[in-house]
């Protein structure tokens, strides 16, 4: 502390009294007590740079008040904040409109896949029509031992003008279609969802499309040139 600070003023030398050992000594550059070697703090009003410190505090307070006034009046920072808020709002609105519209435009022509029972019935109808085409050309149906493979494999049968289907696939439950021929009576079905034959959920083949069967077959030359339509009559689902 300063000795008799009431008579001291900035710029005049004065004596300091150490608060630790009560020793009085003249003001020095580092204000270190020569008795106990501890630093003695000088009141801010008695420092040599008191006026500069006071002016600096005044400038800082004035700048703070001006900044607060600008924030209050909305002259500096508020327009930028409002612009950012408006841009964010517009971006969210565009995202909420563009993404649903994009989904509608790109998926408008997509249709939900048919149930497996419907697909199985369609495939059975195509197979039944192909069997009638086989009977038209060969005067008989494939035997039970030959099976549906005879629709795509000639097996040296007289009059065979196939293939009558593009590809022999399984039913939607990945099981072979049930086929047998007894006394020229055809049985064609799918085991259904339970995958067990001769149960209540078996799907029987519908009648054949006779308008397609009665169409005269194309000559061999046309089939060799890729003009045969028999290979396109079956529509089987792809495995997922």
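Bear in mind these aren't lab numbers, they're just calculated from the coordinates by the rules spelled out. Keep in mind that what you see is a predicted model, and the values were worked out from it rather than measured. Cβ: placed from backbone, ideal geometry, glycine included. Neighbour counts: every protein chain shown.
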Order of 174, 179, 141 under a 10 Å beta carbon neighbour criterion, fewest first: 174, 141, 179
Burial order of peptide ranges 164-172, 64-72 (average beta-carbon count within 10 Å, highest first): 164-172, 64-72
Fewest-first ranking of 42, 60, 32, using other Cβ atoms within 10 Å as the exposure measure: 60, 32, 42
Simple spin-label estimate for residue 21 and residue 156 in nanometres, 7 Å along Cα-Cβ: 12.9 nm
Footprinting exposure proxy for 158, 135 (fewest neighbouring C-beta atoms within 10 Å first): 158, 135
For segment 106-204, average projected area of the Cα convex hull in nm²: 7.8 nm²
R0 of 41 Å, Cβ-Cβ distance residue 37-residue 57: FRET efficiency to nearest 0.05: 0.80
Extension gain, residue 212 back to residue 145 (0.36 nm per residue minus Cα-Cα distance, nm): 21.5 nm
Nearest-0.05 FRET efficiency for residue 185 and residue 97, computed from C-beta distance (R0 51 Å): 0.25
